[in-house]
Amino acid sequence: MLSRSSFNLINLDDYSCVADHRPRIPRIMTVPGIFSGTGEGEKVTGERRIIVSNQLPVKGVKDEKTCKWVFEYDPDALVLQLKSGFGSDVECVYVGSLGVDIDPSEQEEVAQMLLDKFKCVPTFLSLDVQNKYYHGFCKHYLWPLFHYMLPVTRSHGVRFDRVAWQAYVSANKVFADKVMEVINPDEDYVWIHDYHLMVMPTFLRKRFHRVRVGFFLHSPFPSSEIYRTLPVRDEILRSLLNCDLIGFHTFDYARHFLSCCSRMLGLDYKSKRGYIGLEYYGRTVSIKILPVGIHMGQIESVKSSVQTAKKVEELRRIYQGKTVILGVDDMDMFKGISLKFLAMGQLLEDYPDLRGSVVLVQIVNPARSRGHDIQEVEYETQKVANEVNERFGQDGYEPIVFVNGPVTTQDKVAYYAISECVVVNAVRDGMNLVPYKYTVSRQSSPELDKALGVDESEGRKSVIIVSEFIGCSPSLSGAIRVNPWNIESVTEAMRSAITMPDNEKKLRHEKHYKYVSSHDVAYWAKSFDQDLERACKEHFHKRCWGVGFGLGFRVVALGFNFRKLSVEHIVSSYKKTNSRLILLDYDGTVMPQGSVDKAPSKEVISILNVLSNDPKNVVFIVSGRGKDSLSKWFDSCKNLGLSAEHGWLTRWNGNSEWECCGGLAVDDDWKKVALPVMEHYTEATDGSSIEIKESALVWHHQEADPDFGTWQAKELLDHLENVLANEPVAVKRGQQIVEVNPQGVSKGVVVESLIASMQSKGRPLDFVLCIGDDRSDEYMFEKISSSVMNPSLQGITEVFACTVGQKPSMAKYYLDDTVDVIKMLHGLEAASSQVPKSTGLQVSFETSV
């Protein structure tokens, strides 16, 4: 039997090289340290999903007689319900913690039982780590911050605690370790849920570079102005980007995440054929936007229960002759329960005729955490309720009725069935499925219709009052949306719901039921799973290796033929050849992008002089900069060729004249149209600027607000394309620029021209080196590739197209940064220094051309 440790030694660093006949690891651990299943010759059918959440979908109690733990599935657990979206051949394994404390002496036995009977793998955290991780970092710091509450003072939240953060990281590692015990990285998919486990993807990706990982955030993702206050903001973002697919309930949450990636990591997203993706070190991280749904089967089953019908009849007797408004909320600071009670009090104040006939029933689920903030919320909620009841209560009438939880799903369905309206008044909530459950519970069914004393042919009706700050609000187009902070607005919404005509209530109900029934939890899970499979399709088409330390770890995924350029290799080829063409971009290649002084250093000038004075070399700087800057900076390099403005102007050396690309005539009439448009956008976009070149106009927005600059650039591109449609120019988007230049001008044209000229004049090439860092340099790489394939140019035996930085490129080689570029050029410089120098060959050659 192949053990986990021995399997890992097969390929310790690069998991991409595993052959087709890979040893198959066991699918699951049944005894600690020993894996079962998938033995030699054993046939495995179906697929598997490893579902990871903070809590396992099981409930446990200890039998007093046997002193043994007894467990059962929790039917209300979302991670259990989502299995309904998978095919019958898909196996689910659950990893998470238990809601009960297990003595260390019993943990091994309990773990084995949970695995055998429930396919659950428990994570047993120590009490200290559990408190700091869950109650400390998750519930008292991260959760409030993700709900837009900043700990400005100690009385308004808990501030960042490094110890609690370390416990959070430690707990995430424990969860990841448990996944590693059961995962088959070649076949299994891992689906991680919610903010408790946001750094877990890094631990998985570090161990298995091609692991298939999806993550879904069930809470809001705050705006960048809130998120950027998090001291570990980069660590969490980079960890999430180690997933293949990241899911959010709403576009707002996804937009905030993408904005954070842009502002803090400099990553831009792209939308293609309906899919949103972020390019991250050669991997595409997909973004999924789809709100979760409810389990229709569970609600329908509860509705058909005899016990539910009896509960409905009981509640009808209690609230006979009264209109019931229902609230179902957790006891926490963001559910807005006290605001709802204030609105109820205002309703009875403004409309005395409703006193005695309208009741607000508030079901309160137990708090999921503990602390001073929960006590404050409980005190305030009870205080407001008491004030309203004391003021408007009568004999036999209590305006606000508390129903303290836990309340069973069966009882909740009964309350939904008798309620004319449900109010979800949260000031901030990730999703909230109460309106969905209410809608389905109000749908006609024989058992409930009889208990309610209504005719099935009449059809059912419902009204939903929903806060505009919760995730389900966009999907409920027939709901009355309110600002929970505006008490008068909520009051009027309650009044409208009570007095609304039945026909309108039916129309609203039908609209909601159609959406909720077709977008249930199975639909959500299936859609996410399909997108996760699609996001992972390219895993084995690329080479993968890990870089970085700690939570900054990431996997670089590049083509199998893409590799780092070895100095020794290129120097060896350089020495063997006699006719060389060396093409170098400037900014980002020999000059770091972040440099304030853009003039070349003495070191660069020295290297270029040695290389360009070698009689076997033709050396060119091919840049987007203007000819004046390049002429000034490289005045001392007499044999160096220069190509300015992306190839519009070229000169072979310091003694020759600048020539226009392909002999094209200069026509500046289009600038009279384009320049005023650019000036308008410059005035409207703080931080932007215009660069006027001889052949082109460039609008820069790198100093502008990232989001606003990008929006304006898209708008400017569209504007310029419209006004210049009949002009012989091309409008292009670049890295934080919009550029207009003559058609047929690119760095690729320069390369093609140089190679063809040298070939036709009796100097066939046998060595080409081309180095660049951005999108414009890809045209050079493309032309070099096509030139090599040309039968008439078969003499070019050594070709080195090299990009700067590990990223997708048409080049076959890469160097990490400008430091690596200079180091490599020093190697060539040393090789050239060993031969006699010449001062006239390039001049005479240019004259002959």
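Keeping to segment 61-86, report how many residues are among the small types (Gly, Ala, Ser) and in contact (Cβ under 8 Å) with a residue 40 or more places away in the chain. Of the residues in that region, 2 qualify. Filtering Lys537, Lys506 for residues that are surrounded by fewer than 20 Cβ atoms within 10 Å (Cβ to Cβ) and assigned to a helix (DSSP H, G or I) leaves a single hit, Lys506. Given the structure, is Glu187 in contact (Cβ under 8 Å) with a residue 40 or more places away in the chain and under 20 Å from Val285 (Cα atoms)? Answer is yes for this residue. For segment 355-379, filtered to residues that are farther than 28 Å from Gly157 by Cβ and not hydroxyl-bearing (Ser, Thr, Tyr), the residue that is surrounded by the most Cβ atoms within 10 Å (Cβ to Cβ) is Leu360.
Residues in segment 323-354 that are outside any helix (DSSP H, G or I) and open to solvent by 30 Å² or more (accessible area, probe 1.4 Å): Thr323, Met333, Tyr351.
Every condition in (1) in contact with a Lys or Arg (Cβ under 7 Å, 6 or more places away or on another chain); (2) closer than 14 Å to Leu56 by Cβ is met by Cys120 except one, and the failing one is (1). In segment 509-527, the residue that is farthest from Val434 (Cα to Cα) out of those that are open to solvent by less than 30 Å² (accessible area, probe 1.4 Å) and of a type in the set (Gly, Ala, Ser) is Ser527.
Selection over segment 97-110 of residues that are within 33 Å of the chain's Cα centre (by Cα) and either at positive phi or free of Cβ contacts under 8 Å to residues at least 40 places away in the same chain (or both) gives a count of 0.
To keep it simple, each residue is scored yes or no on (1) within 19 Å of Gly282 (Cα to Cα); (2) part of a strand (DSSP E or B).
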| position | (1), (2) |
| --- | --- |
| Tyr523 | no, no |
| Asp529 | no, no |
| Glu533 | yes, no |
| Gly546 | yes, yes |
| Glu568 | no, no |
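Scanning segment 478-500 for residues that are under 20 Å from Met431 (Cα atoms), out of contact with any His (no Cβ under 8 Å at 6 or more places or on another chain) and assigned to a loop (DSSP other than H, G, I, E, B) turns up Asn483, Pro484, Trp485. For Gln382, the criteria (1) touching a residue at least 40 places away in the same chain (Cβ under 8 Å); (2) open to solvent by 10 Å² or more (accessible area, probe 1.4 Å); (3) not in a loop (DSSP other than H, G, I, E, B) hold in every case but one, which is (1).
For segment 478-503, taking the residues that are exposed (fewer than 14 other Cβ atoms within 10 Å of the Cβ) and of a type in the set (S, T, N, Q), the one that is nearest to Tyr436 (Cα to Cα) is identified as Asn503. Only residues that are hydrophobic (A, V, I, L, M, F, W, C) and either modelled with pLDDT of 95 or more or over 17 Å from His256 (Cα atoms) (or both) were counted in segment 269-289, giving 3. Selection over segment 691-710 of residues that are surrounded by fewer than 14 Cβ atoms within 10 Å (Cβ to Cβ) and under 27 Å from the mean Cα position of the chain (by Cα) gives a count of 2.
In a residue-by-residue description of segment 175-183, the property of being under 30 Å from Phe469 (Cα atoms) and either in a strand (DSSP E or B) or open to solvent by 50 Å² or more (accessible area, probe 1.4 Å) (or both) applies to no position.
The sole residue among Asn617, Asn639, Asn613, Asn653 that is in contact (Cβ under 8 Å) with a residue 60 or more places away in the chain, of a type in the set (S, T, N, Q) and open to solvent by 20 Å² or more (accessible area, probe 1.4 Å) is Asn613.
The strands (runs of 3 or more DSSP E) found wholly in segment 735-824 and carrying at least 1 residues that are aromatic (Phe, Trp, Tyr) occupy 767-772, 798-804, 813-815. Being among the β-branched types (Val, Ile, Thr) and farther than 30 Å from Leu608 by Cα holds for only one residue in Val723, Val698, Val745, Val750, and it is Val723.
The listed residues are Gln736, Gln743, and the only one of them that is surrounded by fewer than 17 Cβ atoms within 10 Å (Cβ to Cβ) and modelled with pLDDT of 80 or more turns out to be Gln743.
For segment 813-829, the count of residues that are at pLDDT below 90, polar (S, T, N, Q) and either buried (at least 23 other Cβ atoms within 10 Å of the Cβ) or assigned by the TED database to the domain that holds Glu568 (or both) is zero. Scanning segment 447-477 for residues being open to solvent by 30 Å² or more (accessible area, probe 1.4 Å) and either in contact (Cβ under 8 Å) with a residue 24 or more places away in the chain or outside any helix (DSSP H, G or I) (or both) gives a total of 11. Considering Lys576, Lys505, the condition of being in the same structural domain as Val799 (by the TED database) and either more than 30 Å from Tyr275 (Cα to Cα) or out of contact with any Gly (no Cβ under 6 Å at 6 or more places or on another chain) (or both) is satisfied by Lys576 alone.
Residues are listed down the side, and each one gets a yes or a no for (1) small (Gly, Ala, Ser); (2) under 30 Å from Asp820 (Cα atoms); (3) at pLDDT below 85:
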site	(1), (2), (3)
Lys693	no, no, no
His701	no, yes, no
Ala704	yes, no, no
His719	no, no, no
Asn726	no, no, no
Gln759	no, no, yes
Gly762	yes, no, yes
Gly772	yes, yes, no
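The values are calculated or read from the model by the stated rules, or taken from the named source; none is laboratory data. Quick caveat, the model's predicted, so the values are computed rather than measured. Backbone-built Cβ (ideal geometry, glycine too); neighbour counts: all protein chains shown. Heads up: the accessible areas ignore ligands, DNA and RNA and are worked out on the full protein's heavy atoms, side chains in. Shrake-Rupley method; radii C 1.70, N 1.55, O 1.52, S 1.80 Å.
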